[in-house]
Amino acid sequence: MNTASMRTRLPPVEATDQSWLVFELAGQCYAAPLAQVGEVLRDGELTPVPGAAPDLLGIRHLRGRIVPVMDGRRRLDLPAHPPADPSHVRVVMLQADGQTVGLRVDAIGELIHPVPDAIEPPPAGRAPRPDDPVKGVVPVADGFVALLDVGRLCRLPGAA
């Protein structure tokens, strides 16, 4: 899935409990379970948090709640350059274990509906990380989409 294909309008697809929302980070495609996506917002002003982890951009006020917002590129150890097109940058509000965490992404893609048999383990040869949020990959026509464990991605307590 390349950048050009992510920005192409696709016909609407019916969401199911097996739906995943695809988004782009540094030219790579990732996906989160749609059931754990609260909403997708335009990038906005954040309040910095002194002494926070390097991938925490700050906090955002969202309808009376304070929500931390992470930088997807930094969290997944992806390069900062080339920068994302600001008109496509979004914040995906992810929900797990009763908590909401925002994830800044370069662009939003389509919904995918992988069948369990199509999900493969992450590629071999990757540097092992104890908090690696990639739990599998789904092959697509021009590459693959990495499926993310939202609890691990957001470093929520109890995420295995």
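The values are calculated or read from the model by the stated rules, or taken from the named source; none is laboratory data. Being a predicted model, the structure only gives us computed values, none of them experimental. Because the Cβ atoms are built from the backbone with ideal geometry, glycine has one as well, and the counts that use them run over all protein chains shown.
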- Note on the structure: Counting only residues that are part of a strand (DSSP E or B) and either touching a residue at least 60 places away in the same chain (Cβ under 8 Å) or under 16 Å from the mean Cα position of the chain (by Cα) (or both), the range 36-66 contains a total of 8
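Only one residue in Val115, Val140 is hydrophobic (A, V, I, L, M, F, W, C), loosely packed, with under 13 Cβ neighbours inside 10 Å, over 24 Å from Glu39 (Cβ atoms) and out of contact with any strand residue (DSSP E or B) (no Cβ under 6 Å at 6 or more places or on another chain). Which one? Before the answer, list the steps.
Working: Val140 fails: loosely packed, with under 13 Cβ neighbours inside 10 Å.
Among Val115, Val140, only Val115 is hydrophobic (A, V, I, L, M, F, W, C), loosely packed, with under 13 Cβ neighbours inside 10 Å, over 24 Å from Glu39 (Cβ atoms) and out of contact with any strand residue (DSSP E or B) (no Cβ under 6 Å at 6 or more places or on another chain).
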- Message: Looking only at the range 90-106, how many residues end up being farther than 13 Å from Arg60 by Cβ and either assigned to a loop (DSSP other than H, G, I, E, B) or over 10 Å from the mean Cα position of the chain (by Cα) (or both)?
- Response: 6
- Query: Only one of these conditions is not met by Gly102: (1) within 26 Å of Pro139 (Cα to Cα); (2) in contact (Cβ under 8 Å) with a residue 60 or more places away in the chain; (3) crowded, with 19+ Cβ neighbours inside 10 Å. Which number is it?
  - Reply: (1)
- Right, Glu120: in contact (Cβ under 8 Å) with a residue 60 or more places away in the chain and of a type outside the set (S, T, N, Q) or not? no
- Where residues in the range 56-74 are closer than 15 Å to Leu94 by Cβ and modelled with pLDDT under 95, which of them is surrounded by the fewest Cβ atoms within 10 Å (Cβ to Cβ)? Arg65
- Task: Output the number of the condition that Pro86 fails; it satisfies all remaining conditions of (1) touching an Asp or Glu at 6+ places or on another chain (Cβ under 8 Å); (2) part of a strand (DSSP E or B).
- Result: (2)
- Item | Residue count, the range 123-143 (criterion: more than 17 Å from the chain's Cα centre (by Cα) and free of Cβ contacts under 8 Å to residues at least 60 places away in the same chain) | 9
- Query: Among the residues of the range 143-152 satisfying the criterion of being crowded, with 19+ Cβ neighbours inside 10 Å and hydrophobic (A, V, I, L, M, F, W, C), which is farthest from His113 (Cα to Cα)?
  - Reply: Val150
